[in-house]
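Bear in mind that the values in this text are calculations on the coordinates, not laboratory data. Worth saying up front: this structure is predicted, and the values here are computed from it rather than measured. So basically every Cβ, Gly included, is an ideal-geometry build from the backbone, and we count neighbours across all protein chains shown.
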Amino acid sequence: MGAMRPLLTTAALGLFSCAPDHEITAQRRELSTELATFDAGAVAVGDRETLPIYLRSTAQGPVTILDIYSDDEEHFAILDSWKTEDTDGDGVPDAQIIDGGSLDIPTYGLVEINFRPDGEEYFRTTLTIVSNDSEVYERDEDGNGLWRVVLRGIGRNPCANIYPLFHDFGNRTAGGYFSSDVTVENCGSVTLTISDFDAIGSTSFYVPDHLPIYVLPKTRNAFKVAWIPASSNAEDAIVEIGINDPTYDEVITAIGNDCENSVDPTWDDDADGWFACGGDCNDYDGSINPSALENANNGEDDDCDGQIDEASSSLSQDDDDDGWSENDGDCDDNDASVFPDAIEYVNQIDDNCDGRIDDTTDWFDDDADGFSEREGDCNDDNPLIHPGAEETANKTDDDCDGSLDEGSFTYDDDGDSYPEYIDGVYTDCSDDDPWSFPGALEDCDGADNDCDGLIDEDENDIAEGACAFIVERSTTVSTQEGCATVRPTSGVALLSLLALLGTALRRRRQR
């Protein structure tokens, strides 16, 4: 006859310990989480964000996580990384065991949730964790304990503001390296990602920066447009931007050695106010240009009219019949389209004789703030308004990003459709929290989500009512460290222990 086996297995002995004579005491297994609501935050539509859920074992007995599921695994996918133990011996991990701990020094386990928003909306679901927790009331049909938490996240489209959109490299020599800075501003609440650049046109233009480029919400980053001239001939390119803002369709235009499409002062070598492509017949001599007077004794075409040393007419004579003589201010009395008060066109000519080339056009920086309209200035008459300017509460788009007064009381900073203050009334009680606004669902998150002055209440305004459905602990736990005293009123826990004891006794009788 073999050796007699012990009455109880090692696991059972661990369950029945610390007991006085008049009680049956079980080793407690207690699972919890630090939060009742886990927030993935705002995530770009189409992106992925991993949300860690830290599980705590706060009693002496080890907790076995048997299953985890959510009501919306399409948008909150549970990663299999939580399965770390092969409990059935088939070679495939199927559970997680968290060693025993205490309230003061918990032992932790980890579950990772992949939040996957597919639209601009609010997402919320309940995550259920099935374990051998001995201290919860709610159980499944197999008697396993159920612990629940709320998962939530927001899908948002990114917002990009990129400037300047036009880069004029001017007149450059072949073989040199030239670059121009581009600023990327994230005007939204989710991470902006640039994943690709495609330069169409001249292969001499390119973007040297490494990809991807990330821009966090309300911050700026930068990249460069570079050019290595292949020759002295005009070159241009369109740079398309691969970006995760689905509404962004702007492109960057870059030109070089292209006088006819330039307002760059490098084309005026003699600094006389005239470009070679705008009529200056000698751009190395500041005394020779269309506005100069002809000197009849120097063998030069001083006024660039195609004639040399012709007799100068009277300064009071209107030679081109445009109604203006040189005494009246006509800066090119050989061209009837050039005179004071003429309309300025993009032609590298000072059409209105004010000493500036192509001013008042979209190509010229009229307010001298560093940006023309084609470079992104939305108001080229006001130097305080331009891309990158500081936004103030003045009902004006100061920074040219398409939004008014962001950061002020009247702007909806958290994107929940409620500004903090409108028409003399405070509306959103927390304009930094997209989950808090009038009429919002109250979550168990320590915030006044519905802006009624109460926190975590249920629909009947009962305090902490929003947290009540998540978990309810047994009230029969004794004060003994690591042990639970089971009395006849403890229901499921007592039945489980009696079943285990009965199994052990039957095995002893069989021997």
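Here are the numbers for the structure shown:
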| quantity | calculated |
| --- | --- |
| Value of Rg/Rh across segment 150-235 [Cα atoms, Kirkwood radius] | 1.12 |
| Debye log10 I(q)/I(0) at q = 0.08, 0.11 Å⁻¹ for the chain, Cα point scatterers | -0.74, -1.03 |
| Hits among aspartates and glutamates - C-alpha to C-alpha of K395 under 14 Å, sequence gap 8 or more where chains match | D405, E406, D412, D423 |
| Two-decimal Rg/Rh across segment 174-332, once Rg and the Kirkwood Rh are taken from alpha-carbon atoms | 1.20 |
| Debye, to nearest 20: dipole size of segment 160-261, +1 on Lys, Arg Cβ, -1 on Asp, Glu Cβ | 400 debye |
| Mean-position separation - Cα centroids, segment 122-144 and segment 205-269, in angstrom | 56 Å |
| For the chain, calculated [θ]222 nm from helices alone, where every DSSP H run of n ≥ 4 adds -39500 (n - 2.57) | -1500 deg cm²/dmol |
| Degrees between helix 492-510 axis and first principal axis of the chain (Cα, 0 to 90, nearest 10) | 50 degrees |
| Between segment 288-315 and segment 327-365, the Cα center-to-center distance that results, in Å | 20 Å |
| Sorted by Cβ density within 10 Å, fewest first, the residues L51, L110 | L110, L51 |
| Three principal axis lengths of segment 29-156 [C-alpha, angstrom, descending] | 44, 35, 28 |
| Amide H contacts under 5 Å for L151, placed H, 5+ residues apart | F38, T125, T126, L127 |
| Sorted by Cβ density within 10 Å, fewest first, the residues E74, E235, E457 | E74, E457, E235 |
| Ranked I357, I78, criterion: other C-beta atoms within 10 Å, fewest first | I78, I357 |
| Long-range HN-HN contacts of C451 with modeled amide H, under 5 Å | F437 |
| Under the Karplus curve 6.51 cos²θ - 1.76 cosθ + 1.60, θ = phi - 60°, whole-Hz ³J(HN,Hα) for segment 321-338, x wherever Gly or Pro sits | 6, 9, x, 9, 9, 5, 5, 7, x, 5, 8, 8, 7, 9, 10, 5, 8, 10 |
| 3J(HN,Hα) from dihedral phi, segment 91-106, Karplus parametrisation 6.51/-1.76/1.60, rounded to Hz, x for glycine, proline | x, 10, x, 9, 7, 9, 10, 10, 4, x, x, 8, 4, 6, 10, x |
| Ordering of 128-137, 311-320, 343-352 by packing [mean C-beta count within 10 Å, highest first] | 128-137, 343-352, 311-320 |
| Kirkwood Rh in Å, taken over segment 119-264 so that all alpha-carbon pairs contribute | 18.8 Å |
| Mean separation of Cα contacts under 8 Å (6+ apart) over length of segment 251-321, as relative contact order % | 17 percent |
